[in-house]
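What follows is one structure encoded as structure tokens, with my remarks underneath.
The values are calculated or read from the model by the stated rules, or taken from the named source; none is laboratory data. Computed from a prediction, not measured in an experiment: that's the story for all the values here. No Cβ is skipped: glycine too gets one built from the backbone with ideal geometry, and neighbour counts run over all protein chains shown.
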Amino acid sequence: MDKMLVQGGNSLRGDVAVSGAKNSALILMFASLLAEGKHELTNVPNLMDVRSAKTLLEALNCKVEFSNGRLSIDVSKPEKLVAEYDLVRKMRASILCLGPMLSKYGEASVSLPGGCAIGSRPINLHLEALKAMGAEIEIDKGYVHAKCPRLQGTEILFEFATVGGTENVMMAASLAEGVTTIENAAKEPEIVDLANYLNKMGAKITGAGSSIIRIEGVEKLNATEHRVMPDRIEAGTLAIAGAITSGDIVIRDCEPLHLDALLSKLRDTGVGVHVESQSIAIKGVKEWRAVDITTAPHPAFPTDLQAQFMAFMTLANGTSVISETVFENRFMHVTELIRMNADITPKTRVAVVRGKPGGLVGAPVMATDLRASASLVLAGLAASGETEVNRIYHLDRGYEKLEEKLSKLGAKIKRIKE
Ligand code: UD1
């Protein structure tokens with residue numbers, strides 16, 4: 001298993017460009033199942049999760065080519081409307097092929113994704129919504145079997161603003177009969193990217209990005225082209241990398257408006273943040289203030305940046321209270337940060353971080369999930385001595401060429417292949 005060696009102490013300097021968004025690309029790939037013919041997605045990041053989604057689409061009879069960020073997907077009717085366990089277990093987002101297949105072909109069987117390091121991650125809200133649209137759903141031997149000759153538009157009220165649930169319903173409703181409204185819909189920018197793609201395919205979706213989305217079902221959708229939005233979590237991770245190393249960097253090809261919550265917290269710590277239409281300049285400071293954060297659905301502070309921000313807070317002046325309201329078990333990085341000399345008390349869904357400026361010390365650490373891995377790399381950049389981050393296959397699921405990008409900014413980081 002590859003690992004990463006990070007030598008701490010260098011301030012990052014220079015420019016870095018952000019890749020396309022993993023969490024959008026994956027969903028757009030599954031959305032393509034709604035229309036036979038040749039789709040083309042550009043700005044697609046070359047990541048393990050994208051390659052897993054490609055394998056799943058191929059198993060569903062699509063011809064997929066992927067090179068230089070360009071992904072062409074030629075969709076034809078699958079022989080078996082089944083997403084097998086071996087493919088789904090590698091990437092939880094595979095459950096997002098359920099809505100499109102069910103809606104387009106009247107039935108679908110998708111393996112249940114199971115839990116993951118950050119919690120049990122149920123899909124009950126996806127299934128209840130599809131049932132409300134008329135689907136018969138059975139769970140048998142670890143698979144969800146769904147059937148409905150044609151889904152019917154209806155009113156759906158999510159008890160939690162689930163991102164995946166909102167996406168599954170938007171896709172399913174695009175080919176349903178009549179109008180579907182989603183209340184308490186997720187407002188993440190990836191939802192807007194999906195709506196734009198579906199509308200280019202001929203769907204009739206309004207309200208994406210607000211808490212009420214209206215989808216008027218159509219008879220047929222057509223294959224189309226789309227450029228994937230920039231990865232806001234990668235951009236945010238790089239911004240924190242600039243701040244934690246007291247660096248001076250410019251993050252290009254991103255959408256600063258997607259990162260309001262993070263940028264305003266960074267400003268509160270004393271870090272200089274300058275925003276232009278598609279770039280963010282971060283001017284780090286030698287000592288920064290502790291601030292509290294609470295993760296919640298967009299536009300609040302994203303759970304996918306909580307671990308990275310916690311690494312930053314371990315070196316702040318003062319005490320920071322970090323509350324995680326989205327996932328029940330997302331503090332796996334805490335014990336690893338403590339091994340690097342951080343002072344953190346984790347409680348249920350809350351961690352108290354007593355900052356120690358200059359206090360992190362390099363150590364061997366273990367990556368446990370995607371964003372936790374990123375936080376350990378950031379901690380390593382600011383620690384004294386060397387940090388060895390093991391199990392970095394998690395990082396490869398979600399960050400394109402992270403070590404290359406950080407090296408270009410002056411970090412001393414290298415991958416050891418094993
Ligand atoms: C997506 C993102 C992930 C991000 C998360 C929250 C992708 C591929 N992944 O995950 O990176 O961390 O949004 O911003 O886009 N829940 C239920 N029942 C359901 C669905 C969700 O209880 O049917 C709960 C989950 O367990 C979790 C919370 O709702 O506690 C949020 O989940 P959700 O917004 O659905 O996240 P994902 O779509 O899985």
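Some notes on this structure:
- Residues that are within 16 Å of Ser11 (Cβ to Cβ) and of a type in the set (A, V, I, L, M, F, W, C) were ranked within the stretch 242-265; the one that is surrounded by the most Cβ atoms within 10 Å (Cβ to Cβ) is Ile244.
- Condition met for Ile244 (modelled with pLDDT of 95 or more, within 16 Å of the chain's Cα centre (by Cα) and either more than 30 Å from Ala173 (Cβ to Cβ) or of a type outside the set (Ser, Thr, Tyr) (or both)): no
- Candidates Val271, Val250, Val218, Val291: the one that is more than 23 Å from the chain's Cα centre (by Cα) and in contact (Cβ under 8 Å) with a residue 40 or more places away in the chain is Val218.
- Filter pass, Ser24 being part of a helix (DSSP H, G or I), surrounded by 24 or more Cβ atoms within 10 Å (Cβ to Cβ) and away from the ligand (no atom under 13 Å from the Cβ): no
- Those strands (runs of 3 or more DSSP E) lying entirely in the stretch 265-315 with at least 1 residues within 16 Å of the ligand (Cβ to nearest atom) and out of contact with any helix residue (DSSP H, G or I) (no Cβ under 6 Å at 6 or more places or on another chain): 293-295
- The condition of being among the aliphatic types (A, V, I, L, M) and surrounded by fewer than 16 Cβ atoms within 10 Å (Cβ to Cβ) holds for only one of Val352, Val326, that being Val352.
- Looking only at the stretch 172-192, residues that are within 13 Å of the ligand (Cβ to nearest atom), in a helix (DSSP H, G or I) and crowded, with 24+ Cβ neighbours inside 10 Å come to 2 in all.
- Some residue of the stretch 91-104 being modelled with pLDDT of 95 or more, more than 14 Å from the ligand (Cβ to nearest atom), within 21 Å of the chain's Cα centre (by Cα) and surrounded by 20 or more Cβ atoms within 10 Å (Cβ to Cβ): yes
- Restricting the stretch 122-149 to residues that are within 30 Å of Val334 (Cα to Cα) and surrounded by 16 or more Cβ atoms within 10 Å (Cβ to Cβ) leaves a set whose member that is modelled with the highest pLDDT is Leu125.
- Test for Glu167: is it acidic (Asp, Glu) and more than 16 Å from the ligand (Cβ to nearest atom): no
- Filter pass, Glu234 being acidic (Asp, Glu) and crowded, with 22+ Cβ neighbours inside 10 Å: yes
- Within the stretch 1-37, tally of residues that are charged (D, E, K, R), at pLDDT 95 or above and closer than 23 Å to Ser373 by Cα: 3
- Residue match in the stretch 298-315 (condition: among the acidic types (Asp, Glu), at pLDDT 95 or above and surrounded by fewer than 19 Cβ atoms within 10 Å (Cβ to Cβ)): no
- Consider the stretch 52-81 and keep the residues that are of a type in the set (Ser, Thr, Tyr) and surrounded by 18 or more Cβ atoms within 10 Å (Cβ to Cβ). The one that is modelled with the highest pLDDT is Ser72.
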